[in-house]
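Notes to accompany the following structure.
Just so it is clear, none of the values below were taken in a lab; they were calculated from the coordinates. This one's a predicted model, so the numbers in the text were calculated from it and none came from an experiment. Here the Cβ positions follow ideal geometry from the backbone for every residue, glycine too, while neighbour counts run over all protein chains shown.
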Amino acid sequence: MTKYIAKRLIQLIPLLIGITLITFFVMHLAPGDPTALFTDPNIKPEELVRIRANWGLDKPIITQYFIWLKNAAKLDFGYSYISGKPVIQEISERLPNTLILMSISFALILLISIPVGVISAVKKGSAFDNIFTVVSFIFMSIPTFWLALVFMLIFSLKLGWVPSFGNLVLPVTVMVISGLAGITRYQRASMIEVLGQEYIKVARAKGMPEWLVIYKHALRNALIPIVTMLGLSLPDLFGGAFIIETIFAWPGMGRLGVSAVFSRNYPMIMGITLLTSILIVLGNLLADVGYAIVDPRIRYAKKE
Amino acid sequence: MLRKNKLFIFGLIILILFSLLAVFAQFIAPYDPAGIMENEIQGPSLRHIFGTDDLGRDVLSRIIYGGRVSLSVAVVAVAVALTLGILIGAIAGYFGGLIDELIMRFTDIMLSFPTIFLILAIQSVLTPNIYNVMIVIGATSWMGIARLVRGEFLSLKEREFVEAARAIGCSDLRIIFRHILPNSWPPVIVAGTLGMAGAILTESALSFLGLGVQPPMPSWGNMLMDSQAYLLDAPWMAVIPGLFIVLAVLSLYFVGEGLRQSLNPKER
Amino acid sequence: MKILVKSLLLLFLLIGFSFAADYDPNGRLILSLGGEVSVMNPILSTDTTSSAIEGVIFTGLVKLDKNLNFVPDLAKSWKVSKNGLVWTFKLRKDVKWHDGKPFTADDVKFTFDTIMNPKINSVRRGDYFIDGKPIKFKVKDKYTIQAILPKPFSPFLVSAGMGILPKHLLAGKELDMAYFNNHPIGTGPFKFVEYKTGDHVLVSRNPEYYGGAPLLKEIIFKIVPDENTALIALKTGEIDSTGIPAKDFHPIKGVNLFKYDALLYTYLGFNLKSPKFSDVRVRQALSYAVNRKQLIGLVFRGYASPAYSPCAPVSWAYSGDVSKYEYDPGKAKKLLKEAGVNTLEFTLLINHGNKEREKGATILQQQFKKIGVKMNIRVLEWSSLLKVINARKDPKDYDAVLIGWSTGVDPDAYSIWHSSQYPGGLNFIGYKNPKVDKLLDAGRREQTKVGRKKIYAQMYKEITKDAPYIFLWYPNVLTGVRNRVGGLSEPGPAGLMVDIEKVYIKSSPLSSPLHEMERGTAKQGGEEDKL
């Protein structure tokens, strides 16, 4: 087991390096540099040269990359162009808020998707299942930001039930509805696969009551992929957070990132991109390891 | 089988309808989408079926032209994604070994980024317009297709017809494009259809934030951006473009799902 | 005797009661900020959010009253020498910094010397140079400071209003990185308490303020991301004041509405060095093609005034005797024909994020279409736009730009209209008119208001003849303030809270539902019960 974890950790390293490379070089496609943000026409060109040298912007780009990488390893992502505060400080102030939003949403999604997915699988082909399929397609077709706008219109502006900003109710609701369809279908598919297995047929043949078959054997086995699901849905959860936090003014890392994009706050953009990617990679690793622990077949048979 | 699938038919009809609207926009739209017709916002009426926006422009006409923009962005973006994905996946799956390893590592790296933020970050570096939106969406959504194609190639390259082609001396390139690829169409078509659905959603989110299609060129997404300030006063500005997005994406999902079911008999 | 005591007590009670009914000594005013604060240092900051905070923490030698006249602040009086070169300011002796240390003329000299230090990235530096020569500051004694100008310059008083920094805290420190910028210490009516990123800035009453202890206990500046959210927050009472978009400016329960003119105008500027716009008839034609009524109706629902001159009507220098190009598409077409122009196509630059300009540009596009002119719109990020128009090259890379000027309190617009201010100054359109140059110089030399007004009236007439800009509109400032806030100044270009120390929260529990719950059950009649 530990060998497996170690192997996966080592595979992470080229992955992380690749992420840093892409992040750094994409950001440096930007025309101009930080001094472009000094917009006073009275500033003399010599001043700009001096400031550029102070910031190490006159060095070759490869050197700049390694300097950035070295600092990034210490979690030093430089200073925000807007507030002048350290990037890592602003991110760590906001990250907990995003994590709260994501965890509550994911928990609610699981709460709803597991029963619905299981029942759909058990009653495959029934009216319930068909309606569920159509409804989940509809949910998947709704743009997150539009849902957010419509909910804000109805529940904040027209009915006044919830405040329009700084409050978790609407953001969580929108995030849950957006993410529900995909996970429920996954649940359903995995439950269907389990129900088709040999040992289920054996249990039924042994005369076990249907409900016990479902609960004891099938359900437990269908729950295993949840950990994987968490890993797989992390990118979408983070992605949703960016838009939802912006619309509902939720002070999380997502809103910080979007406003950094609008203000061309490159150190912040790089910091958030890198951190989010690392979290996603770690989440996937956790999901894979968790899956491997639970399912011995995977441990031994797994190939890339 | 396909004919019996009611959802598939529904989706197909909507798609054909939208495509016709997009292609023949000039003839179907009642007014000039940029024309300022009224001096204030008006709600739906006989003159303006979907009302006007805050600049007095007819919403229905803008929806039709906006549909042309949103759909063409989706088509081109998916074309880019397919090109990249097929090329990358084919090379990885056919040659295997180290090349495969390297390519798959690169694919994993791209998959580790939160896509929407990566696109936002890239757009912050460029000056957003309809063309770079198409390319950027395509350049960040090829990964699923690449994996799919790679899988197909891995399984198909051991088959007899490939052996036969090698035996008569076909070059690798020829084998890839003339022999294996034509046999891996089905999942690729499905992926393309689903990809278009995703591209419409992504483009509308980008345009909504102001980093996609720039006004005054209408797109369903940037019409929603304009509607935000008028949510209470003119809800039709927000509701209608959103409904069209949902319809378009839903239709693509129905069509894609229908295709998937009919092309993969063992699935369901 | 007992009756006398009782009635005296009752009298005191009534007086106390009437004060209690007037203002809440623990009142907390909630204002909104449109974004994050950058640095809370008046000589470094360039954004409006930081200056909102600086406005209550720092004070300067002079300040503006509600009629935009300069009145004493840290300086209790000042005079100008006969030759207009030496300004002598006598400072107040009773001013203390927020950390208790006394304020002296050394602080003033330190502040201005720091601004003029080339190593410091202060964008205000240019304000203290006249024709390239610096203003020198001299400390005459502990409470007297002199500014020695290289030339007579009446607009100098504006720069004299700069917030003063404490020498004892900042001398010898690296100003850009200083801890001070996030924990400012000033001489103003409020002291800095805390700044929680993404959430709020809190300041509290400075009881030692030389202008009298503020009536408010605290001000909290909440960071509210966009104007729609802010409006909702105003309606629910989550904030006390905010700007209101024109389309939402109708009666709101619990809120007082204010409308007043500002010292701003928006215009379309032509790149005069471009062959497209070198003929004045082309520029005039385009000016005639603009239907300002339609523009203002659609963009502002009427809450703006059409502009025809580079001076806002609220300014004392305003003159209506200018060339007005009122809407006449027929005349526009005729002029184009006269100039020999059959087709004209050009690109208009606008900045991203300003809804009014975006809408305005779209409407102009349609209006120009009517006279056969094709205008393309290109949206740039604010900093990218500035880069294009401020580039030190000739000619510059643009056709036309839609942008605005905040004209400032003094009508001197040297950097905008003087031919020397191209390509390196604010005259990015390349305007050159020797008559106007002369008038600008004269306006700076002339020390009397009456004299200056005459000079500027002549100047506006000259400028509008040349139609270098299409002047579009002067926006109204539309603000809403909740009923519970009192002590506001008369609505005017200086804003509603000119004397922030006089603003207060009314203590009647009927003023705001949210805050009644917050304060619990503070009853006015408490002492009455005890008796």
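Cross-link reach is defined here as a Cα-Cα straight distance under 17 Å, omitting same-chain residues fewer than 8 places apart; for C:Lys96 the lysines meeting it are C:Lys76, C:Lys109, C:Lys142, C:Lys167, C:Lys191.
Segment C:37-62 and segment B:48-125 have Cα centres separated by 44 Å. Near C:Phe368, within a Cβ-to-Cβ distance under 12 Å, what is the net charge of the other residues, with Lys and Arg +1 and Asp and Glu -1? Result for the neighbourhood of C:Phe368: +3.
Computed about the Cα centre, the dipole magnitude for the protein assembly as shown is approximately 700 debye when only Lys and Arg (+1) and Asp and Glu (-1) carry charge, each at its Cβ. Distance from the C-alpha centroid of segment C:263-287 to that of segment B:205-265: 39 Å, rounded to the whole angstrom.
Shape verdict for segment C:55-145, please, from the Cα gyration tensor: rounded (a/c under 1.5), prolate (a/b greater than b/c) or oblate. Because its axes are fairly even, with a/c under 1.5, segment C:55-145 counts as rounded.
Where in segment B:1-101 are there trypsin sites (Lys or Arg not before Pro) that are in a DSSP coil and have at most 12 other Cβ atoms within 10 angstrom of their Cβ? Could the numbers behind the result be given before it?
Values: sites: B:Arg3, B:Lys4, B:Lys6, B:Arg47, B:Arg57, B:Arg62, B:Arg68; in loops: B:Arg3, B:Lys4, B:Arg47, B:Arg57.
The qualifying sites are B:Arg3, B:Lys4.
The alpha-carbon of C:Lys337 sits under 22 angstrom from the alpha-carbons of these lysines, leaving out residues fewer than 8 places away in its chain: C:Lys273, C:Lys276, C:Lys324, C:Lys369, C:Lys370, C:Lys374, C:Lys465.
For the protein assembly as shown, the calculated P(r), taken from all Cα-Cα distances in 20 Å bins from zero up to the bin holding the longest distance, is 10, 36, 34, 15, 4, 0, 0 percent. Per-residue mean of foreign Cβ neighbours for A:231-244 is 3 (Cβ atoms of other chains, 10 Å radius).
First check a/c for segment A:146-304, with a ≥ b ≥ c the square roots of the eigenvalues of its C-alpha gyration tensor; if it is under 1.5, answer rounded, and if not, answer prolate when a/b is larger than b/c or oblate otherwise. Here segment A:146-304 falls in the oblate category.
Take every residue in peptide A:260-270, count the Cβ atoms of other chains within 10 Å of its Cβ, and give the average of those counts. Walk me through the intermediate numbers first.
Details: counts 4, 10, 8, 7, 6, 1, 3, 0, 0, 5, 1.
Rounded to a whole number, the mean comes out at 4.
Once the Cα atoms of helix B:97-112 and of chain B are each reduced to a long axis, what angle between those two axes, in degrees from 0 to 90 to the nearest 10, is obtained? Result, in degrees: 20. Counted as membrane-span-like here are DSSP H helices of chain C whose alpha-carbon atoms extend 27 Å or more along the helix's own axis and whose Kyte-Doolittle mean is 0.5 or above; these are C:2-22.
Applying 1/(1 + (r/R0)^6) with r as the Cβ-Cβ distance of B:Asn264 and A:Lys74 and R0 = 51 angstrom yields a FRET efficiency of 0.55.
Please give me the summed charge of the neighbours of C:Glu345: other residues whose Cβ is under 12 Å from its Cβ, Lys and Arg +1, Asp and Glu -1. The answer is +2.
Using a 10 Å cut-off around each Cβ of peptide C:454-460, what is the average number of partner chain Cβ atoms that fall inside? Walk me through the intermediate numbers first.
Working: counts 0, 0, 0, 0, 0, 0, 0.
Across the residues of C:454-460, the mean count of other-chain Cβ atoms within 10 Å is 0.
When only DSSP loop residues count, what trypsin sites (Lys or Arg not before Pro) in segment A:197-282 have their Cβ near at most 15 other Cβ atoms within 10 Å?
On the way: sites: A:Lys201, A:Arg204, A:Lys206, A:Lys216, A:Arg220, A:Arg255, A:Arg264; in loops: A:Lys206, A:Arg264.
Filter output for segment A:197-282: A:Lys206.
Between A:Leu111 and C:Lys253, the C-beta separation translates, for a Förster distance of 41 Å, into a calculated FRET efficiency of about 0.55.
Quick one: net charge around C:Tyr460, please, counting Lys, Arg +1 and Asp, Glu -1 for every other residue with C-beta under 14 Å from its C-beta. Kindly include the intermediate steps, with their values, before the conclusion.
Details: positive: C:Lys324, C:Lys435, C:Arg452, C:Lys453, C:Lys454, C:Lys461, C:Lys465; negative: C:Asp321, C:Asp412, C:Glu462, C:Asp466.
Every neighbour counted, the sum reads +3.
If you take the charge dipole of segment A:196-268 about its Cα centre, with +1 on Lys and Arg Cβ and -1 on Asp and Glu Cβ, which of A:Ala203, A:Gly231, A:Val213 is farthest toward its positive end? Farthest towards the positive pole: A:Ala203. Helix A:225-247 and the longest principal axis of the C-alpha atoms of chain A enclose an angle of approximately 50°. Using C-alpha pairs below 8 Å separated by at least 6 residues, the relative contact order for segment C:26-108 is 14 percent. Helix A:61-73 and the longest principal axis of the C-alpha atoms of chain A enclose an angle of approximately 60°.
Report the charge-dipole magnitude of segment C:418-481 in Debye, nearest 20, computed about the Cα centre from +1 at each Lys and Arg Cβ and -1 at each Asp and Glu Cβ.
Details: 11 positive and 5 negative charges, 61 e Å.
That gives segment C:418-481 a dipole magnitude of about 300 debye.
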